[in-house]
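Chemist: Starting off with a structure, shown below.
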Amino acid sequence: MKPERKPAIKLDRESILIDARRELAMPSRRLFGKQLLTLGGLTMLTGCSITDNDSVNTFLTAVSRLNDRAQAFIFDPTQMAPTYTEAQITRPFPFNAFYGIDDVPEVDASDYKLQLSGLITGKKTWMLPELYALPHAEQITRHICVEGWSAIGRWGGTPFGDFLRRVGADTSAKYVGFKCADDYFESIDMPTALHPQTLLTFEYDGARLPPKYGFPMKLRMPTKLGYKNPKHIVEMFVTNTYPGGYWVNQGYNWFGGS
Ligand SMILES: Nc1nc2c(c(=O)[nH]1)N[C@H]1C(S)=C(S)[C@@H](COP(=O)(O)O)O[C@H]1N2
Ligand SMILES: [Mo]
């Protein structure tokens, strides 16, 4: 009797390796060195084996999470992102979203309430006037989008770490997650949430944040790529369960450092 032929699995190891290396940002190279150069090293680091197409996807996700851990390890909470002068502001500042500018959500200021949930003791909802009354900070920083553009903008708001402490967030938890009025969602690591340049912003260039830039509020993190900065935030939660994000769930790296 002839042995049944197994379906031939042909994996292009070179292109898998190219994809895996693309997942890894520079800091991880410093950490993992030569092991990143080979598939063998990477499968070892991730604890994955590559046998079929499904396992390739699992493997690439594991490489991306390895990258998250490397970036988190290297993230220096005292290192400041560059700031710029008024004259360097990009005018007009670009709009970007997963839809066109005509579909920007219209959030009604009068009945807006920010919801807080998860590992937060002060779960009151916040109305906009209360948020506007919080201590004020400004920044002129560069926003870098993975789509290949960057722009310098000026945002005003309140230091996010102080806000988290004020509402009784468990700052030893791993993640802060965000839900947005347009079905976008994101989550960030706690050290970045507490970084002094991370601002909960209500203003763009000295005026109320317009709808296109995220009214009523955008979380601005000059230490992270554009897609990590949620606009139109309606809910925040603190959790130890990995929440993912809109683009992250479609393959972008979660840590998303800039
Ligand atoms: N709610 C929401 N936030 C979002 C997005 C989005 O589509 N919806 N897009 C992200 C991406 S990819 C970028 S580059 C920036 C763009 O912000 P801007 O319109 O102020 O330039 O918003 C980020 N935050
Ligand atoms: Mo972006």
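The values are calculated or read from the model by the stated rules, or taken from the named source; none is laboratory data. Small disclaimer: the values here were computed from a predicted structure and weren't measured. Note that we place each Cβ from the backbone using ideal geometry, even for glycine, and neighbour counts take in every protein chain shown. Surface accessibility is based on the protein's heavy atoms, side chains included, excluding ligands, DNA and RNA. Shrake-Rupley method; radii C 1.70, N 1.55, O 1.52, S 1.80 Å.
Chemist: Search the range 236-252 for residues that are more than 21 Å from V63 (Cβ to Cβ) and surrounded by fewer than 16 Cβ atoms within 10 Å (Cβ to Cβ) and pair each with any residue that is at pLDDT 95 or above and among the small types (G, A, S) when their beta-carbon atoms are under 7 Å apart and the residues are at least 6 apart or on different chains.
Modeler: N240/A173
Chemist: Follow-up question, since we're still on this one. Tell me which residues, restricted to the range 127-173, are within 16 Å of K228 (Cα to Cα), open to solvent by 10 Å² or more (accessible area, probe 1.4 Å) and touching a Ser or Thr at 6+ places or on another chain (Cβ under 8 Å).
Modeler: R142, H143, I144
Chemist: Name every residue in the range 194-235 that is within 11 Å of ligand 1 (Cβ to nearest atom) and under 11 Å from the mean Cα position of the chain (by Cα), in order of residue number.
Modeler: Answer for the range 194-235, where residues must be within 11 Å of ligand 1 (Cβ to nearest atom) and under 11 Å from the mean Cα position of the chain (by Cα): L219, R220, M221, K224, L225, G226, Y227, K228, N229, P230.
Chemist: Go through the range 72-122 residue by residue and tally those that are of a type in the set (G, A, S) and surrounded by 14 or more Cβ atoms within 10 Å (Cβ to Cβ).
Modeler: Of the range 72-122, the ones of a type in the set (G, A, S) are 72, 81, 87, 97, 100, 109-110, 117-118, 122.
Pick out the ones that are also surrounded by 14 or more Cβ atoms within 10 Å (Cβ to Cβ) and you get 72, 81, 97, 118.
Total satisfying the criteria: 4.
Chemist: I'd like to check which helices (runs of 4 or more DSSP H) are fully inside the range 95-204 and have at least 1 residues that are closer than 19 Å to W247 by Cβ and among the β-branched types (V, I, T).
Modeler: The qualifying helices (runs of 4 or more DSSP H) are 190-193.
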